[in-house]
1. With the requirement that a residue be of a type in the set (S, T, N, Q) and either under 24 Å from Val239 (Cα atoms) or without any contact (Cβ under 8 Å) to a residue 12 or more places away in the chain (or both), what does segment 21-69 give you?
2. Which ranges mark the strands (runs of 3 or more DSSP E) fully within segment 77-129 that have 3 or more residues being out of contact with any Phe, Trp or Tyr (no Cβ under 7 Å at 6 or more places or on another chain) and without any contact (Cβ under 8 Å) to a residue 40 or more places away in the chain?
3. Name every residue in segment 251-270 that is in a loop (DSSP other than H, G, I, E, B), out of contact with any helix residue (DSSP H, G or I) (no Cβ under 8 Å at 6 or more places or on another chain) and touching a residue at least 40 places away in the same chain (Cβ under 8 Å), in order of residue number.
4. Which residue, of Val221, Val155, Val194, Val216, is over 30 Å from Lys105 (Cβ atoms) and surrounded by 18 or more Cβ atoms within 10 Å (Cβ to Cβ)?
5. Take the residues in segment 271-290 that are assigned to a strand (DSSP E or B) and in contact with an Asp or Glu (Cβ under 7 Å, 6 or more places away or on another chain); name whichever of them is farthest from Pro346 (Cα to Cα).
6. Considering only segment 101-129, state which residues are buried (at least 23 other Cβ atoms within 10 Å of the Cβ) and under 21 Å from the mean Cα position of the chain (by Cα).
7. Just checking, which of Leu442, Leu455 is more than 21 Å from Ile361 (Cα to Cα) and of a type in the set (A, V, I, L, M, F, W, C)?
8. Any idea which of Thr324, Thr352, Thr336 is part of a loop (DSSP other than H, G, I, E, B) and β-branched (Val, Ile, Thr)?
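Computed from the coordinates by the stated procedures, all read-outs in this text should not be read as laboratory data. This structure is a prediction, so every number in the text was calculated from the model and none was measured. Note that each Cβ is placed from the backbone with ideal geometry, even for glycine, and that neighbours are counted across all protein chains shown.
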Amino acid sequence: MKYSKLAIALCLLAALPARGGDYARYYQNLPIALTEPQAPVIQEYSVSLADFGGVGDGVTLNTDAFAKAVKALVKQGGGHLVVPAGIWLTGPIVLKSGIDLHLEKNAMILMSPDRALFAKDGKKAVPCISASKCKDVSISGEGIIDGNGEWWRAVKRSKVSDVEWKDYHRMGGTDADGGSLWYPYDLTRFPNLVEGYKEQEKLRNHLIRLTDCERVRICGVTIQNSPRFHLVPQRCSQVAIVGVTVRCPWNAQNGDGIDLMQSSDVLVADCTVDVGDDGICFKAGAGAAALKDGPVARVLVRGNTVFHAHGGFVIGSEFSGGVTDVAVLDNTFSGTDTGLRFKSAPGRGGKTSRLYIDNVIMSDIRDQAIVFETGYVNVHVGEKGSMEQTGEFIPEFSDITISNVICRDTRIGIAVNSTPEMVHDISLRSCTIFCSESCSELSEGIKLDMEEVRLMGY
């Protein structure tokens with residue numbers, strides 16, 4: 001069942017970046033001491049998905065083939081699971097320690113539109129691709145991982161054209177709120193997972209979710225069209241996300257790109273993000289339960305480009321575990337709703353420390369280039385939200401240095417909707433921001449330490 005010798009050689013050459021671990025070029029001239037993450041250790045052994053009965057015809061379901069291939073690699077002590085060119089329809093894929101999921105050029109892993117494959121006891125849906133409590137996990141190559149998210153996501157009428165609205169209704173579905181929302185409930189071809197469209201909405205899953213893993217690398221692949229968030233490392237350490245493209249429709253509900261959750265020693269570099277919600281986002285849990293899992297810590301975000309997103313670089317809304325020792329360098333945001341976005345609320349907040357953001361190029365920012373919001377209300381689609389009334393876990397955005405920002409065409413330059421207790425010790429250096437409406441909108445008492453900052457308008 002082993003690959004041919006020639007195929008093995010070609011696959012290993014293609015997969016070398018997944019084991020190279022040479023990230024030193026990203027760690028030059030840093031404003032804070034950070035150490036590059038350790039690379040996963042994957043042994044030189046490869047199998048093809050086709051060897052386990054997989055068929056890449058876009059019709060055959062390959063869930064069992066993936067499971068058998070992973071099991072065989074575990075038995076051998078790990079190695080590379082090679083996905084050849086083709087469309088490989090599948091249900092959930094569960095990775096294990098020591099495995100590299102490698103997608104060759106023109107290979108697509110397509111998640112089945114049959115949502116029942118991902119449902120578990122009608123209470124939750126498992127991630128499309130997952131690994132838990134594993135070491136040395138890799139996803140690499142030049143292929144595409146597609147979540148088939150249109151079969152899961154609710155759609156707002158105000159965010160789609162007449163043509164798109166008709167296309168969704170061809171799938172069946174249910175209109176709600178006077179026709180302002182469409183839910184993939186009562187679809188023509190697939191049964192409902194639970195009773196009620198709002199209950200089914202809560203089952204939407206992530207495309208790739210890695211929890212409690214060590215030495216992780218995601219490189220080269222395109223990750224697209226997730227039912228919810230696209231790439232979610234949670235409580236992971238030693239993580240490198242390099243050269244990845246993340247994309248979905250601009251109006252995809254909760255379509256976050258890369259969400260780091262309470263992870264440490266992380267590199268996010270040379271990625272392209274174009275999504276329906278936050279682009280590159282840090283989260284650290286809400287309330288007391290988040291404290292035991294610790295902060296987002298020791299992270300380098302460098303050389304990325306974010307096109308559409310609610311925010312290019314985002315912290316929040318929940319970060320009770322804290323965010324510390326972060327460098328965000330040499331990034332470009334073009335067409336995002338906001339540029340640098342810091343959002344939270346009482347009950348969800350934590351503290352930031354030693355954050356350095358430098359050399360950010362922004363253009364066509366719809367709302368604010370830089371925004372702090374500590375009354376953020378997290379509202380699920382179709383629901384009405386309210387801010388938590390609590391005196392605990394108050395947000396504290398502090399010890400943040402932002403320098404060398406150039407922004408052309410934003411509606412508002414800098415906005416702070418908060419109090420001096422929640423937003424303080426924010427330094428801005430050598431920034432030029434051209435605004436179409438307002439240069440700054442600051443709540444009473446807010447003071448920003450600004451030096452050589454030009455806020456300009458028409």
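1. Kept after step one, since they are of a type in the set (S, T, N, Q), are these residues of segment 21-69: 28-29, 35, 38, 43, 46, 48, 60, 62-63.
Hits for segment 21-69 are Gln28, Asn29, Thr35, Gln38, Gln43, Ser46.
2. 86-90
3. Hits for segment 251-270 are Gln253, Asn254, Gly257.
4. Values: Val221 fails: over 30 Å from Lys105 (Cβ atoms); Val194 fails: surrounded by 18 or more Cβ atoms within 10 Å (Cβ to Cβ); Val216 fails: over 30 Å from Lys105 (Cβ atoms).
Result: Val155 is the single residue among Val221, Val155, Val194, Val216 that is over 30 Å from Lys105 (Cβ atoms) and surrounded by 18 or more Cβ atoms within 10 Å (Cβ to Cβ).
5. Among those residues, the one meeting the criterion is Cys281.
6. Step one: list which residues in segment 101-129 are buried (at least 23 other Cβ atoms within 10 Å of the Cβ), which gives 101-103, 109, 111, 115, 125, 127-129.
Passing the criteria: Leu101, His102, Leu103, Ile109, Met111, Ala125, Pro127, Cys128, Ile129.
7. The conditions single out Leu442.
8. Working: Thr324 fails: part of a loop (DSSP other than H, G, I, E, B); Thr352 fails: part of a loop (DSSP other than H, G, I, E, B).
When all the criteria are applied, what remains is Thr336.
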